[in-house]
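Notes for the one structure printed next.
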Amino acid sequence: MIPGRRGDHTQNMADADRAAAQLLTQGPDTGVERAAALADLAPGIDPSLEFRQTVLPGLFFADPRPTLAHGEIGLPVASMASGVGGMGIHWGTACPRPQQSERIPFIPDDSLDAALDHAEQLLRVTKVEDGTGLTAALRKVMADEFDGPGLAPVEFGASATHWAGDQLVFSGTSVILGELEQTVPGFELRAETLARRVLVEDGTAVGAELQDRRSGAVYQVRAARVVVCADGLRTPQVLFASGIRPRALGHYLNEHLQMNSFLLLNDEFDPAGYPVDDKNLAGVRIPFSDARPMQGGVVAMANSPYSLQLDDDLATARLAVVAWYAAKDIQFGDAVEFSDTETDFYGMPKMTIRYSHTPKDLATIESMRKNSVRSASRIGALTEEPILAVGGSSLHYQGTVRMGAWDDGESVCDSYLRVWEVDHLYVGGNGVIPTTTAANPTLTMVALAWRAANQLVQELDGTEGIVGATAK
Ligand SMILES: Cc1cc2nc3c(=O)[nH]c(=O)nc-3n(C[C@H](O)[C@H](O)[C@H](O)COP(=O)(O)OP(=O)(O)OC[C@H]3O[C@@H](n4cnc5c(N)ncnc54)[C@H](O)[C@@H]3O)c2cc1C
């Protein structure tokens with residue numbers, strides 16, 4: 001069992017508990033140390049240090065040795081976490097708001113803003129307006145380099161962390177669960193339970209078929225409403241397994257192009273020369289803008305509260321990272337597909353990921369490389385040339401159950417996350433985000449879930465929730 005409170009962030013744990021929790025959420029790789037998991041990668045992939053530190057612990061690969069059609073690159077390191085809290089107990093907590101065309105055009109601005117406000121409260125996001133330390137100095141120089149007309153201004157990065165006394169607390173899934181288990185009659189969280197399929201009768205979702213993974217017992221739960229939130233790759237998997245296969249299911253898979261580069265800060269930004277500003281640890285963000293469809297982040301590792309186990313030669317006080325995410329040119333053919341005949345470790349339809357770069361993507365990657373060099377050269381010297389991270393590295397998989405303004409075959413659900421053509425069925429998670437984005441998606445997807453949940457509550461008013469469970 002994962003140590004600590006259900007859904008607590010692993011960064012709040014002691015080192016030994018964090019390592020134990022990471023080993024437990026790796027699905028088929030449970031208990032497998034990083035070095036062994038690396039052997040699972042497709043040939044030719046030379047994972048960067050950043051990749052080894054942030055992708056592997058706690059996660060497992062969806063399709064690590066893809067069979068590639070001509071021109072495809074696949075997403076060999078697309079990853080997932082299994083266990084209570086999912087990736088939400090491992091995440092980096094960066095919570096940028098979507099900017100300009102990242103926002104969803106068919107949700108009214110006031111409605112989206114209210115949902116984002118609420119999501120920030122739920123996730124306990126801290127936003128820093130000013131600062132005195134190194135982060136403030138880095139922000140100033142990045143603003144000088146990257147601010148301009150029509151561009152969202154450089155800012156301190158908002159993060160889902162808060163101070164409790166002198167301890168910085170990372171928001172894990174437990175901040176969403178709150179006291180629900182203890183205080184809400186009828187609420188039950190069943191760990192070690194696989195959702196095999198949604199039960200659909202006469203075009204209406206009426207419950208789910210579940211499996212107790214300890215005993216193997218399969219049983220059904222009937223419900224007035226069914227919500228599937230099984231991450232960006234596995235939500236479409238559950239729908240597929242249920243025979244719910246709208247044209248767009250799994251398509252328009254949208255992963256951020258990513259380029260993270262380490263650098264050594266120059267004398268001007270030597271952390272030793274700055275006062276410690278404990279209240280401003282988040283780093284600097286260069287937000288997405290339509291005129292620059294990518295997001296940059298600058299973090300001095302000496303200031304970062306996120307624990308990484310770095311190799312000795314890099315564990316210097318002057319180490320910093322410039323991290324760029326760029327918007328993918330989304331296309332129908334980028335997709336997670338599922339097999340009708342083969343199954344995965346959990347007995348669910350086996351995934352295959354189809355993914356390729358368009359000419360526009362190649363141009364975006366080139367300008368991301370230039371921005372990586374620009375951002376790094378203002379503050380220090382890169383330790384290596386910026387390289388595009390292996391496909392899947394961003395851990396942000398969007399679009400696979402995307403929302404749409406209407407049911408035109410290009411989307412899976414409406415803006416309240418109701419699946420087209422199946423009554424009483426909802427989806428959630430990053431897969432619902434339909435726009436091309438560079439912002440880390442969790443804040444947006446929590447906002448969209450909160451907005452949908454409000455609507456669902458209104459619809460449910462006067463009806464009962466779970467109405468019974470039967471063994472099969
Ligand atoms: C190291 C790391 C750093 C990250 N940093 C950031 C960041 O800074 N900012 C940001 O916005 N995002 C970040 N992310 C991504 C963020 O964690 C995800 O956006 C978020 O957790 C997605 O939530 P989700 O509920 O869709 O999926 P998850 O959190 O992955 O949860 C999915 C859950 O579904 C369960 N599940 C799947 N299939 C089934 C099934 N058939 N039956 C039963 N259960 C099932 C899984 O076990 C899991 O518990 C990061 C992720 C990682 C791993």
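Numbers below:
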item	result
Unmet requirement for Leu41, which otherwise passes all of (1) modelled with pLDDT of 65 or more; (2) away from the ligand (no atom under 11 Å from the Cβ); (3) under 24 Å from Arg354 (Cα atoms); (4) hydrophobic (A, V, I, L, M, F, W, C)	(1)
Scan of segment 153-168 for residues that are at pLDDT below 95 and surrounded by fewer than 19 Cβ atoms within 10 Å (Cβ to Cβ), ordered by number	His162, Trp163, Ala164, Gly165, Asp166, Gln167, Leu168
Residue match in segment 252-259 (condition: assigned to a strand (DSSP E or B), modelled with pLDDT under 95 and surrounded by 18 or more Cβ atoms within 10 Å (Cβ to Cβ))	yes
Within segment 222-249, tally of residues that are within 14 Å of the ligand (Cβ to nearest atom) and of a type outside the set (A, V, I, L, M)	9
Residue tally, condition under 22 Å from Gly83 (Cα atoms) and touching a helix residue (DSSP H, G or I) at 6+ places or on another chain (Cβ under 6 Å), over segment 232-256	2
In segment 222-246, residue nearest to Glu459 (Cα to Cα) [restricted to those that are in a strand (DSSP E or B) and more than 24 Å from the chain's Cα centre (by Cα)]	Ala223
Residue in segment 208-221 that is out of contact with any His (no Cβ under 8 Å at 6 or more places or on another chain), outside any strand (DSSP E or B), away from the ligand (no atom under 11 Å from the Cβ) and aromatic (Phe, Trp, Tyr) present	no
Arg247 vs. criteria farther than 19 Å from Pro441 by Cα and modelled with pLDDT of 95 or more	yes
Cβ pairs under 6 Å, 6+ apart, first in segment 224-243 and hydrophobic (A, V, I, L, M, F, W, C), second near the ligand (Cβ under 8 Å from one of its atoms) and not in a loop (DSSP other than H, G, I, E, B)	Val228/Thr235; Val228/Val238; Ala230/Val238; Val238/Ala195
Test set (1) within 16 Å of the ligand (Cβ to nearest atom); (2) in contact with a helix residue (DSSP H, G or I) (Cβ under 8 Å, 6 or more places away or on another chain) - Leu75 fails condition number	(2)
Segment 191-206 residues that are within 16 Å of the ligand (Cβ to nearest atom), paired with ones that are among the aromatic types (Phe, Trp, Tyr) (beta carbon under 9 Å, 6 or more apart)	Leu194/Tyr346; Arg196/Tyr346; Ala205/Tyr426
Top-ranked residue in segment 400-413 [being in a loop (DSSP other than H, G, I, E, B) and under 21 Å from the mean Cα position of the chain (by Cα); ranked as surrounded by the fewest Cβ atoms within 10 Å (Cβ to Cβ)]	Gly404
Close pairs (7 angstrom Cβ cut-off, 6 or more residues apart or separate chains): surrounded by fewer than 23 Cβ atoms within 10 Å (Cβ to Cβ) in segment 437-457, assigned to a helix (DSSP H, G or I) anywhere	Met445/Asn430; Met445/Val432; Trp450/Ala115; Trp450/His118; Trp450/Ala119; Trp450/Leu122; Arg451/Ser111; Arg451/Ala115
Residues that are in a loop (DSSP other than H, G, I, E, B) and among the hydrophobic types (A, V, I, L, M, F, W, C), drawn from segment 158-175	Ala158, Ala160
Residue match in segment 121-128 (condition: hydroxyl-bearing (Ser, Thr, Tyr) and part of a helix (DSSP H, G or I))	no
Sole exception among (1) crowded, with 19+ Cβ neighbours inside 10 Å; (2) out of contact with any strand residue (DSSP E or B) (no Cβ under 7 Å at 6 or more places or on another chain); (3) without any contact (Cβ under 8 Å) to a residue 24 or more places away in the chain for Thr183, by number	(1)
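The values are calculated or read from the model by the stated rules, or taken from the named source; none is laboratory data. It should be emphasised that the depicted structure is a prediction, and the values quoted were computed from it without experimental measurement. Don't worry about glycine lacking a Cβ; one is built from the backbone with ideal geometry, like all the others, and counts go over all protein chains shown.
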